[in-house]
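Comments concern the structure below.
Bear in mind that the values in this text are calculations on the coordinates, not laboratory data. These numbers come from a predicted model, not from an experiment. Neighbour counts run over all protein chains shown; Cβ positions are idealised from the backbone, glycine included.
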Amino acid sequence: MKSLKLNRKEFTDAFARLGEKYRLFGPKRLAGRGRFSDTDLITCDFLNSIEELESEEKSYLSPKAVVFPPDETTFVFNRDEFKEPEMEDERETIVFLRPCDINGFARLDRMFLENGGQPDPYYKRRRDRIHFFMIECRSSFENCFCVAMNSNIAQNYAAAVRFGDNELLLKINDESFGSYFSGEKTDFEPKFVSEDAVSVELPPDQTMPAEIFSHAMWQEYDQRCIACGRCNTSCVTCTCFSTIDIHYPDSRGCGERRRVWDGCHLDGFTNMAGGHSFRKNKGERMRFKTLHKIYDFRKRFGFDMCVGCGRCDDVCPEYISFSSCINRLTSTLKGMKNEE
Amino acid sequence: MKNNPYRPVAARISSISMETPIEFTIRVQGQFAITPGQFFQVSLPRIGEAPISVSSYGKDFVEFTIRAVGRLTNILQELKAGQNLFIRGPYGQGFARENFQDRDLLIVAGGSGLAPVRPLIQQAINGKLDNRSLKLIVGFKNSAGILFSSQIEEWQKMCDVCLTIDQPESGWNGNTGLVTEHIRKLEIADMKNLQAVVVGPGPMMKFSTAELRLLGLPEQQIWVSFERLMSCGIGKCGHCKIDSTYVCVDGPVFNFSQAATLID
């Protein structure tokens, strides 16, 4: 473990050396690609060089795609033969991300590596090849509520970086990266945000009365939510997927089985053959997601699923605020308690 | 890739037979350690994959009874003996034998819900379940929809079977009315030793369990099986989650005391 002070050039040179062995992944600015005219989109993607890293802004998408791509071929078919595809790149990947997202990966791990008792091999082979380079949050971003979700602090990182205008401070936990970086020794320790502009109060106790499931508070979302699923796709902890088979139109004996991101807000998520489905109303979907993120995941795994990154609020085209929803749920529960 | 739980095995189809105009049974060869109530992920490459419960099994075969209602199931219907079906499993928690040993067993099945409980009925009838007695209430929409009709006739010789169709029909001399009406008429001598299994469409299970509760049967003595959309069968894809429960790994068979608390 050591901490260093580097200038931009020293930092960039180190990544030039690292780039031979590692791929880079992290927040990336796509100029002019934002939702409104003349705005940029900050996505999370593979970086061609460290210069492409957007170290100052929160990304619109989470980094989960590095281990759980939006679509992934699980089998390639040649008639009745099932063949798992090789990884597109065997190299290990350095992932730049923020503390909440590091905590998000702990949630992904629970689902993909533990739930059901069998590790998911497609997730695992990507997960085993990543190293976290934590970007220190100088302050909280709009819509963040990581402090309320206990995910403002992360310790599980290979290195932590404080980006300055000309200088960077780097703490290296994983010795295997030590030889790549040279600079002046310091006693740098990353700081973590301790308050967010958005304050969120979680439900007071560990039980959820049955009345909450059919409570009128969810009906508002019947109207407001348009089931676009952006909250699901932007979420670092949403893990749901669907499996689809395709065949190639010009070679019907060949095709693929793929898994693609799915989400509890999307139409068709619970459709069964024969036409039956659950949670037809958007409000029911909002209830399902909310309780999963801050209540029932905890019952199964011991901590909340939501990490408070606030991306669902950033991306919702209907300006639905998840943090407001949690607060509303909490006050509804308190009101019910007072009536007793 | 080692230990890929998503990789199915090719299982040779030994027969395929129509049960009703839209339901058919596929028998495949293979040796599996199955508990009644479990399911497999059944697929055809380039077509798709779906969870299908086991409707019968033996030392070297498994049967799936399927309704042709979707892309995959319509194509499955066209398969022929000698072709391969791709399956992985068995998955989930089935009907645990110890819950029925030395007990009176009541099985209420509605429509295609008979398929997942058929292995349990077969075990009970063959004396492998060590239950004390067996009573079946099996309901179908109409006589054309009756599954396993010749086998039901066999069962009628060996235990108390109430086979009913929803509405009277010309030429039908048997019972009519919903299964709930027949539950209501039950005379239960030894409530303490009765275990009931209820499997069928959602509304049928809801009202059947309510009738059983009205008779005074405790929730803990009722067992149900859930059907949900699933993409993985192994607790990853999230489609079948209800509250903190994953139907694929924690179910599909649940004690009603738990099932009653699960709100989709």
Principal axes of chain A: Cα extent on each, largest first, Å = 62, 60, 45
message = Report the per residue volume, in Å³, of the convex hull enclosing the C-alpha atoms of the protein assembly as shown.
response = 185 Å³
note = Along region B:124-135, Karplus-curve 3J(HN,Hα) (6.51, -1.76, 1.60; θ = phi - 60°) to the nearest Hz, with x for Gly and Pro, reads 5, 6, 7, x, 8, 9, 6, 7, 7, 8, 9, 10
Spin-label pair A:Glu20/A:Glu92, simplified geometry with 7 Å Cα→Cβ offset, distance in nm = 1.6 nm
remark   = With T = 10 °C, eta = 1.306 mPa s and Kirkwood Rh from C-alpha pairs, the Stokes-Einstein D of region A:133-240 in µm²/s is about 88 µm²/s
request  = Using only C-alpha atoms and all pairs of different ones, pull out the Kirkwood radius for region B:1-154 in Å with one decimal.
outcome  = 16.2 Å
message = Along each principal axis of its Cα atoms, how long is region B:70-127 end to end? Whole angstroms, biggest number first, please.
response = 42, 23, 21
key: Spatial extent of region A:129-168: Rg and Dmax, with the Cα atoms as the point set, Å   = 12.0, 33
ask   = In 10 Å bins starting at 0, how do the alpha-carbon pair distances of region B:97-259 split up by percent?
value = 10, 38, 36, 14, 2
query = How big is the charge dipole of chain A about its Cα centre, in debye rounded to the nearest 20, if each Lys and Arg gets +1 on its Cβ and each Asp and Glu gets -1 on its Cβ?
reply = 460 debye
request  = Work out the mean other chain Cβ neighbour count within 10 Å for the residues of B:3-11 and drop it here as an integer.
outcome  = 5
ask   = How far, in degrees from 0 to 90, does helix B:149-158 lean away from the longest principal axis of the Cα atoms of chain B, to the nearest 10?
value = 50 degrees
Set of lysines near B:Lys2 by C-alpha distance (under 19 Å), chain-local residues within fewer than 8 positions excluded = A:Lys83, A:Lys124, B:Lys236
message = Compute a Gaussian network model of chain B, connecting alpha carbons closer than 10 Å, and tell me which residue from B:Gly111, B:Gly171, B:Gly48 fluctuates the most.
response = B:Gly171
query = Averaged over peptide A:78-91, how many Cβ atoms belonging to another chain are found within 10 Å of each residue's Cβ?
reply = 2
ask   = In region A:13-86, which GluC sites (Glu not before Pro) are in a loop and have at most 15 other Cβ atoms within 10 Å, using DSSP for the loop call?
value = A:Glu20, A:Glu56, A:Glu57, A:Glu86
ask   = So for region A:278-340, what percent of the C-alpha to C-alpha distances run longer than 17 Å?
value = 50 percent
Estimated FRET transfer efficiency (B:Gln167, A:Glu339; beta-carbon r; R0 60 Å; 0.05) = 0.85
query = For the residue pair B:Arg132 and A:Glu81, what label-to-label distance in nm results when each label sits 7 Å from Cα along the Cα-to-beta-carbon direction?
reply = 6.0 nm
key: region B:97-259 - share of DSSP beta bridges that are antiparallel (%, nearest 5)   = 15 percent
key: Unit Cα scatterers, Debye sum, region B:30-87: log10 I(q)/I(0) for q = 0.13, 0.20, 0.23 Å⁻¹   = -0.32, -0.77, -1.00
message = For a quick check of your reading of the filter: which trypsin sites (Lys or Arg not before Pro) in region A:119-220 sit in a DSSP loop and have no more than 14 other Cβ atoms within 10 Å?
response = A:Arg138, A:Lys191
remark   = Note, region A:256-271: 3J(HN,Hα) by Karplus (6.51, -1.76, 1.60, θ = phi - 60°), whole Hz, Gly/Pro = x, goes 9, 9, 10, 10, 10, 3, 10, x, 5, 8, 7, 4, x, 4, 10, 4
query = Which percent of Cα pairs goes in each bin when the distances of region B:83-179 are cut into 5 angstrom slices starting at zero?
reply = 3, 12, 22, 20, 16, 13, 9, 4, 1
query = Once the principal axes of the Cα atoms of region A:1-151 are found, what is the range along each, listed largest first in whole angstroms?
reply = 54, 44, 39
ask   = Gaussian network model of chain B, Cα springs within a sub-10 Å range: biggest mean-square fluctuation belongs to which of B:Ala68, B:Ala11, B:Ala189?
value = B:Ala189
note = Any DSSP H helix in chain A with Cα axial reach of 24 Å or more and mean Kyte-Doolittle score of at least -1.0? Listed by number, the hits are A:322-339
query = Which order do peptides A:221-228, A:174-181 fall in by mean Cβ count within 10 Å, highest first?
reply = A:221-228, A:174-181
query = In a GNM of chain B with a 10 Å cut-off on Cα contacts, which of B:Phe32, B:Phe95, B:Phe86 has the highest mean-square fluctuation?
reply = B:Phe32
message = Let me test this: with uniform point scatterers at the alpha carbons of region A:1-83, what is the Debye-based log₁₀ I(q)/I(0) at q = 0.15, 0.21, 0.27 1/Å?
response = -0.74, -1.05, -1.26
ask   = Helix B:202-214 versus the longest principal axis of chain B: what angle, 0 to 90°, nearest 10, using Cα atoms?
value = 30 degrees
ask   = Roughly how big is the protein assembly as shown's charge dipole about its Cα centre, with Cβ charges of +1 (Lys, Arg) and -1 (Asp, Glu), in debye to the nearest 20?
value = 740 debye
task = Write out the trypsin sites (Lys or Arg not before Pro) in region B:67-102 meeting two conditions: DSSP loop, and at most 10 other Cβ atoms within 10 Å of their Cβ.
result = B:Lys80
Where labels lie 7 Å past Cα in the beta-carbon direction, separation of A:Lys185 and B:Gln151 in nm = 7.6 nm
ask   = Looking at B:Thr25, B:Thr65, B:Phe86, which one has the Cα that reaches farthest to the positive end of the dipole of region B:9-91 (charges on Cβ: Lys, Arg +1; Asp, Glu -1)?
value = B:Phe86
inquiry  = Which three numbers, in whole Å and largest first, are the semi-axes of the equivalent ellipsoid of region A:182-270 derived from its Cα gyration tensor as √(5λ)?
reply    = 37, 31, 12
